[in-house]
Amino acid sequence: MADVIKGAVVGYGAAFNMGKHHAINMTNTEGIEVVAICDIDKKRTEAAKEDFPNVKTYNSVDEMLDKGGFDLVTVVLPHNFHAPVAVQCLKAGKHVIVEKPMCITIAEATEMINTAEEKDLMVTVYHNRRWDRDFWTLKNLVESGVIGKVFHIEMWGGGYGRPNPNWWRSNKKISGGAIYDWGAHYLDWLLNVITAKMVNVTGFYHPNRVWKDITNEDHVQAIIRFDDGAVADVQMSSIAKVGKPRWRVLGEKGAIVPGEKDSFKVLSEVPGFPKEQEVKYEGRPGPSYYQNIVAHLQDGEELVVKPEEARRVIAVMELSEKSSRSHQAEAVPYEC
């Protein structure tokens, strides 16, 4: 690897400006620079050229890969394109970062991982919300032992409102479904708090109960059983008039729930800890996401976000929907 890693971004769409976000992060990280940006929309590559005058722009992934001149590609596309474009780039000899969720199916995730291994390349996922202060604080609290062994977690996200019918994120064939949006963050958080092996997933899906013209589900629920006996219940909804806290974590010796602004309320029966306390959020120390990427590629540092971890998230998503159709718990494959 050269002293400076040359990066490319595929997808400069206007939604959330995520393509620009990645290009800026590359530019602002020592050891990496963005040299190429690709989007099928010429207006978007014109915008990219205005934002980054020194990059080369392309309107075809094939052309960009053919011209080369870069080491790493970040894929910022609708979810159903993550796997095919990532595999194409890996086969072309490029390291790959994909936006979350990793892909749609376990099989796609496994193909990405296997292709990277065969080519001796990196593939990873932009699970950047592992740097969120609330998640990092919660993870540290659980690992401190303040509530004993965790046996039950509830997670909730959503509200009541019609999704935009003209946005690809509301289209199940493209997005994967309702759980593939914020669920990508929630499940990654969850699987970094409960790290035991998953046994099975039970899903309850409610499509078109209210929003008849939306192909994504109105309400989704995934219940995950782990081999240490812990259970997690994750719900995402667009038809819930009454919600609940994002987190409810029960341990054998206490509990953690949201507290006042930017804090958790922690109840404990563990000697040496307060019976009740408010713990303020604290940021994650150490390297940023892209700093970790540079350290991994240049010096062999361990990846913060391993592709096998991201595949576990996809397993919950795929199996919860399968379970909702089969009306039974679906076993988690050994590799997940």
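Bear in mind these aren't lab numbers, they're just calculated from the coordinates by the rules spelled out. Everything quoted here is computed from the prediction, not taken from an experiment. Glycine gets a Cβ as well: all are built from the backbone with ideal geometry, and neighbour counts include every protein chain shown.
Couple of notes before you dig in:
- Subset of the stretch 118-147 (residues that are assigned to a loop (DSSP other than H, G, I, E, B) and under 17 Å from Trp247 (Cα atoms)): Asp132, Val146, Ile147
- Note on the stretch 168-210: residues that are under 19 Å from the mean Cα position of the chain (by Cα) and on the phi > 0 side of the Ramachandran plot amount to 2.
- Considering only residues in the stretch 34-58 that are surrounded by fewer than 18 Cβ atoms within 10 Å (Cβ to Cβ) and in contact (Cβ under 8 Å) with a residue 24 or more places away in the chain, the one that is nearest to Asn128 (Cα to Cα) turns out to be Asp51.
- Residues in the stretch 285-335 that are under 16 Å from the mean Cα position of the chain (by Cα) and among the charged types (D, E, K, R) were compared, and the one that is nearest to Ile179 (Cα to Cα) is Glu318.
- Out of Gly68, Gly31, sole residue that is farther than 22 Å from Ala295 by Cα and either touching a His at 6+ places or on another chain (Cβ under 8 Å) or not β-branched (Val, Ile, Thr) (or both): Gly68
- Long-range neighbours under 7 Å by Cβ, at least six apart or interchain, first residue among the small types (Gly, Ala, Ser) within the stretch 20-31, second outside any helix (DSSP H, G or I): Ala23/Val9; Ala23/Val34; Ala23/Ile37; Ala23/Phe52; Gly31/Val4; Gly31/Ile5
- Single match in Thr29, Thr57, Thr115, Thr74 (criterion: assigned to a strand (DSSP E or B) and over 17 Å from the mean Cα position of the chain (by Cα)): Thr57
- Test: residue in the stretch 58-78 that is under 26 Å from His296 (Cα atoms) and among the hydroxyl-bearing types (Ser, Thr, Tyr): yes
- Taken over the stretch 105-149, the criterion of being touching a Gly at 6+ places or on another chain (Cβ under 7 Å) and crowded, with 22+ Cβ neighbours inside 10 Å is satisfied by Val146, Ile147.
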